[in-house]
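Before I ask anything, let me first share the structure, which is written out below as structure tokens.
The values are calculated or read from the model by the stated rules, or taken from the named source; none is laboratory data. Predicted, not measured: the structure shown is a model, and the values here were computed from it. Don't worry about glycine lacking a Cβ; one is built from the backbone with ideal geometry, like all the others, and counts go over all protein chains shown.
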Amino acid sequence: MGKTVTNRHIYITDFDMQRLTELIEAAAEKTTRDSRYLDELEEELLKADVVDPAGIPPDVVTMNSKVCLKDKKTGEEMIYTLVFPAEASLEDGRISVLAPVGMAMIGYGVGDVISWKVPGGERKLQIKKIIYQPEAAGDFHL
């Protein structure tokens with residue numbers, strides 16, 4: 001993926017950490033199209049500051065957050081909800097945490113620029129706005 005963010009803290013709720021760890025463990029037992037991203041997700045989680053859901057900053061992307069991203073090259077804005085693989089549907093704007101964009105978003109905040117290698121070079125997106133974050137809305141166990 002080759003994602004780079006300039007020395008930002010990554011935050012993740014203890015509830016999301018538990019569910020993502022279970023996802024990694026379950027997926028490691030079988031080969032899927034998402035298997036190649038498991039090591040990268042696990043690496044990201046190791047860098048995270050794990051916090052109680054009530055203590056997560058409201059401008060941080062958590063699971064089930066709806067986020068507005070801006071492509072730094074084209075200026076195009078897109079809206080995605082970060083979900084677990086079984087709930088993913090690009091047509092409905094729900095992107096898997098195991099997809100490169102999903103993995104790049106988790107734990108980062110408004111203003112952060114995420115970048116990763118793609119077949120055509122490098123893609124850079126800025127997190128413009130958190131439209132909905134479950135923890136900020138008081139929905140602690142979505």
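When you scan region 96-113, do you find a residue that is of a type outside the set (Phe, Trp, Tyr), in a strand (DSSP E or B) and farther than 24 Å from ASP49 by Cβ, even just one?
No, region 96-113 contains no residue that is of a type outside the set (Phe, Trp, Tyr), in a strand (DSSP E or B) and farther than 24 Å from ASP49 by Cβ.
Can you work out which of the residues in region 10-33 that are surrounded by 17 or more Cβ atoms within 10 Å (Cβ to Cβ) and not in a helix (DSSP H, G or I) is modelled with the lowest pLDDT?
ILE10
If you take the residues of region 115-130 that are aliphatic (A, V, I, L, M) and in contact with a Ser or Thr (Cβ under 8 Å, 6 or more places away or on another chain), which of them is modelled with the highest pLDDT?
Checked region 115-130; the qualifying residue modelled with the highest pLDDT is ILE130.
Now for a different question. Does THR81 satisfy the condition of being of a type in the set (Val, Ile, Thr), crowded, with 19+ Cβ neighbours inside 10 Å, touching a helix residue (DSSP H, G or I) at 6+ places or on another chain (Cβ under 9 Å) and assigned to a strand (DSSP E or B)?
In short, yes.
Separate question: Considering only residues that are within 20 Å of GLN126 (Cβ to Cβ) and charged (D, E, K, R), which ones fall in region 48-94?
Those that are within 20 Å of GLN126 (Cβ to Cβ) and charged (D, E, K, R): ASP59, LYS66, LYS70, ASP71, LYS72, LYS73, GLU76, GLU77.
Also: Would you confirm whether any residue within region 83-90 is aliphatic (A, V, I, L, M), more than 10 Å from the chain's Cα centre (by Cα) and farther than 27 Å from ALA26 by Cα?
no
Follow-up. In region 35-50, how many residues are at pLDDT below 75 and surrounded by 17 or more Cβ atoms within 10 Å (Cβ to Cβ)?
Summing the residues that are at pLDDT below 75 and surrounded by 17 or more Cβ atoms within 10 Å (Cβ to Cβ) in region 35-50 gives 1.
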